[in-house]
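Written below as structure tokens is the structure these notes are about.
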Amino acid sequence: MAKTFVVSGCASGIGKHMALALARAPQQHNIVMLDINGEALERVVQEHGLAGQPRITTRQHDVRDAQGSCMRCRPRRSTGIST
């Protein structure tokens, strides 16, 4: 059974590497990729061939914002994952 993972900091560093490892896993996990820098996040998705995959969702979001909510953040791509 596929699981859904929410990974922050996906435009670089450990967040990027974690999201890419999950995307390549044979279990076909659903992944919500978050980053404060939406343009850099979109570059990662494009460069690694994740664009258009229905199990990948990206969101520009600042997880440091205690008042913020992923329900209100600006979506970059919508998929079948309910929010």
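The values are calculated or read from the model by the stated rules, or taken from the named source; none is laboratory data. Everything quoted here is computed from the prediction, not taken from an experiment. Glycine also receives a Cβ, built like all others from the backbone with ideal geometry; neighbour counts cover every protein chain displayed.
Would you please name the residue that is farthest from Ala11 (Cα to Cα), looking only at residues in the range 33-70 that are touching a residue at least 24 places away in the same chain (Cβ under 8 Å) and among the hydroxyl-bearing types (Ser, Thr, Tyr)?
That would be Thr57.
Please enumerate the residues belonging to the range 21-54 that are assigned to a helix (DSSP H, G or I), farther than 13 Å from Ala2 by Cβ and aliphatic (A, V, I, L, M).
Ala21, Ala40, Leu41, Val44, Val45
Please verify whether Asn30 is of a type in the set (S, T, N, Q), touching a residue at least 24 places away in the same chain (Cβ under 8 Å) and farther than 21 Å from Asp65 by Cβ, treating the condition exactly as stated.
Considered against the rule, which asks whether it is of a type in the set (S, T, N, Q), touching a residue at least 24 places away in the same chain (Cβ under 8 Å) and farther than 21 Å from Asp65 by Cβ, Asn30 comes out as yes.
Tell me the residue from Ala11, Ala25, Ala21 that is surrounded by 14 or more Cβ atoms within 10 Å (Cβ to Cβ), at pLDDT 90 or above and among the aliphatic types (A, V, I, L, M), please.
The conditions single out Ala11.
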